[in-house]
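> Structure incoming, see below.
The values are calculated or read from the model by the stated rules, or taken from the named source; none is laboratory data. Computed from a predicted structure; not experimentally measured. Neighbour counts run over all protein chains shown; Cβ positions are idealised from the backbone, glycine included. In case anyone asks, the SASA skips ligands and DNA or RNA and just uses the protein heavy atoms, side chains included. Shrake-Rupley method; radii C 1.70, N 1.55, O 1.52, S 1.80 Å.
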Amino acid sequence: MKTRREKMKKSFSLVIAGTVVLLTGLFLWGSQISEQGQIGSGQGIIAAIVLALAGLATFVVYYQAKSRNQKLKNLRENYRESLDQVMEQMEQSALHNWEKKEIEQELLAIFLEAQEAGRQPQSVIGEDVESFAKDLLEAYGIHPGILAYFLTSTQWYILYLLIVQAYRGRGRNEFAYFGASVDVEILVLFGWLSFITLPLIQYGSKGWVAGKRKRGLFAIFGFLSFLVGVGIIEGLHALEARIPWASELLAKQVSVFRHPWQLAMAVLFVIGIVWLKQWLRKKPLR
Amino acid sequence: MAKQTQMLKGVLEGCILEIISQEETYGYAVCEQLVQAGFSHINEGIVYPILIRLEKKGWLLAEKRPSPYGPKRKYYRLTEMGERERNEFILHWTETKGRVDQIFERRISDENA
């Protein structure tokens with residue numbers, strides 16, 4: 001049974017997440033307006049889209065957790081705790097979402113039956129939850145570690161580049177479509193988003209809605225980290241008159257995909273990452 | 001200890017294949033049968049990853065069906081490949097058991113003599 005405190009905590013987390021998204025968006029948008037006197041450089045719009053996506057992802061995670069609570073309502077506290085411990089390990093792994101759901105459903109069925117038989121969770125999965133989780137991941141052919149994080153973040157980064165290309169290249173003729181130039185600061189910001197902000201938000205929001213307050217703070221750190229990234233760039237802008245390399249860096253522009261083959265390579269690279277992730281799991285492609 | 005665990009896992013795989021070959025069943029029931037057979041220290045935490053591994057290998061086929069407690073649970077049955085593996089396990093186990101028994105019987109008769 002969900003307590004009033006839990007309900008309030010979840011509503012509170014939703015309000016905080018929404019407010020941070022809104023404020024960050026406004027901050028970024030405002031900085032673009034004041035810098036250029038009008039909206040339309042593309043940077044503000046892209047950043048707003050990215051923020052909207054991040055906000056949407058948080059909402060999705062929140063509602064998924066809400067329906068999860070409904071499913072787990074018959075589970076007693078000690079079993080709920082054990083299930084959360086196992087699922088926390090699963091969440092951090094490279095398992096597909098449908099596999100995580102499958103595991104949770106199967107464990108829930110086992111736990112409910114064991115609970116009915118008057119058993120304790122330790123008699124079901126053993127004293128060592130981590131060892132059980134490791135066995136489970138091995139059975140799915142998972143190699144936990146930094147590689148999965150790196151591959152996923154790289155996928156995000158390439159996706160942003162493709163969005164930039166699609167936006168900056170629109171309206172041009174077919175010969176000039178490629179080679180749209182983008183400020184270095186935007187590319188750096190996308191890197192920050194892909195490798196720091198989004199992983200933190202993803203990791204933290206799942207923990208927050210699962211009732212892990214310490215882990216949940218990562219969601220807030222994630223949003224704040226975006227502000228830090230923006231802050232660094234804005235700081236460089238403020239100092240560019242005094243620091244020569246800062247003004248050089250900020251003035252630089254990079255062509256994202258100068259030739260069609262570069263675009264094709266990027267798409268192939270994403271496909272390659274998907275394949276590599278599957279291959280690492282020692283199982284055939286689905 | 002690690003080697004013992006590996007050996008146990010191998011034996012359990014064979015036993016699980018045998019249990020499932022007799023009737024379509026689910027994880028919790030498989031575990032209960034193993035405990036009843038004398039594997040008193042076996043729990044679902046050991047059996048469940050083995051079932052997943054066997055399913056991934058294509059030896060078991062799982063079908064989700066509703067359970068009386070609410071969430072759906074997986075019912076397993078043997079595939080053709082699983083049936084072959086089960087027969088192979090029985091063959092290897094019988095051979096190995098025969099050899100091990102022979103060694104221990106010789107030792108016991110030496111001690112008695």
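> With every protein chain kept in place and ligands, DNA and RNA left out, what is the accessible area per residue of region B:2-112? Probe 1.4 Å, answer in Å². Display every interim value, and only then the final one.
Working: 6730 Å² over 111 residues.
I get 61 Å² per residue for this part.
> Another question about this same structure. With +1 on each Lys and Arg Cβ and -1 on each Asp and Glu Cβ, how big is the dipole of region B:2-112 about its Cα centre, in debye rounded to the nearest 20?
So the dipole magnitude of region B:2-112 works out to roughly 520 debye.
> Suppose a student asked you for the relative contact order of region B:2-112, using Cα pairs under 8 Å spaced at least 6 residues apart; what percent would you report?
25 percent
> Still on this structure: Output the relative contact order of region B:1-56, whole-number percent, from Cα pairs under 8 angstrom with separation of 6+ residues. Before the final figure, lay out the partial values.
Numbers: 21 pairs, mean separation 17.2, N = 56.
It comes to 31 percent, rounded to a whole number.
> Would you mind checking the tilt of helix B:27-36 against the longest principal axis of the Cα atoms of chain B, expressed as 0 to 90 degrees and rounded to 10?
30 degrees
> Could you tell me what percent of the accessible area of chain B is made up of carbon and sulfur, with a 1.4 Å probe and every protein chain present?
Of the solvent-accessible surface of chain B, carbon and sulfur hold 54 percent.
> Tell me which of B:Ile19, B:Gly58, B:Gln102 sits at the most positive position along the dipole axis of region B:2-112, charges placed on C-beta atoms (Lys, Arg +1; Asp, Glu -1).
B:Gly58
> Rounded if a/c is under 1.5, else prolate if a/b beats b/c, else oblate: with a ≥ b ≥ c from the C-alpha gyration tensor eigenvalues square-rooted, which is region B:13-111?
prolate
> Give me the extension gain from A:Lys100 to A:Val274: residue separation times 0.36 nm, minus the current Cα-Cα distance, reported in nm with one decimal.
60.8 nm
> Quick one: grab the alpha carbon gyration tensor of region A:96-139, order the square roots of its eigenvalues as a ≥ b ≥ c, and give me rounded if a/c is under 1.5, else prolate or oblate depending on whether a/b is larger than b/c. Walk me through the intermediate numbers first.
On the way: a/c = 3.67, a/b = 1.33, b/c = 2.75.
Because a/c hits 1.5 or more and a/b fails to exceed b/c, region A:96-139 counts as oblate.
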